[in-house]
Amino acid sequence: MGCMATTITDAALYAQELQHNAEGLLSDAQILYAHERWARAFALAVLAQEEAGKALLAIAEQIPGNDVADLKPRRHEDKLTAVAITEIAFLGDLADIEARARQVDGAALHREKLSALYVDAGPHCLQSPASFTRDRAEEGLNRARELVSWTTAHLGEITPESIVAAIELTNTLMPAMEKFTQDHGAEAGLGLARQIVEWSLAQARRDVSRAGET
């Protein structure tokens, strides 16, 4: 049983280690894919997403009023839901976000990951990792690459100071953001949130760079 992050400093270190592990799992998945181990490659790609989701939840727990407060970092399904929400909010087209949000199913992806690892005899069929296709493995790897790349850029070098800044920014902007979303819709609200997150990341990188120069 692992220990939980209890302070902002703990959360920053925890998120960094989780993110580094996500990168390692993805790297191993790519090696397995290169050796035509489609099922195992897919399973490790999903595990990489889980670790990235756990890193997101470690930071989200520190920020009041976050949208993933009910997700538990020890539940596979919840970690996968966290990265799916991030994918919708910060990656790809914002059109039809409500429909995409309704399609999020972390439990289904978790079950598919298990089917890539274990043979299971159901009432009507035999399920085996041998049935996994190259195309499905490639789909899983491509999605994991995109998600882990995003979380690496945002969490790979996160500091306690950047978490404090995020908390202060959230407390300051949340009422205005909620009104903006009500007035202009979810798509416009998320578009603005993307811009704020990217601006905050640029500021954090600048501060880290300056600190390294002193």
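The numbers here are math on the coordinates, done by the rules we state, and not lab data. What you see is a predicted model, and the numbers here were worked out from it, not measured in a lab. So basically every Cβ, Gly included, is an ideal-geometry build from the backbone, and we count neighbours across all protein chains shown.
Quick rundown of the values:
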{"item": "Filtered trypsin sites (Lys or Arg not before Pro), the range 62-164: DSSP coil and at most 12 other beta carbons within 10 Å", "result": "Arg74"}
{"item": "Whole-Å semi-axes of the chain's equivalent ellipsoid (Cα gyration tensor)", "result": "32, 21, 16"}
{"item": "Fewest-first ranking of Tyr33, Tyr118, using other Cβ atoms within 10 Å as the exposure measure", "result": "Tyr118, Tyr33"}
{"item": "Overall dimensions of the range 26-98 as given by Cα atoms, namely Rg and Dmax in Å", "result": "14.3, 45"}
{"item": "Over the chain, relative contact order from alpha-carbon pairs under 8 Å, at least 6 apart, %", "result": "27 percent"}
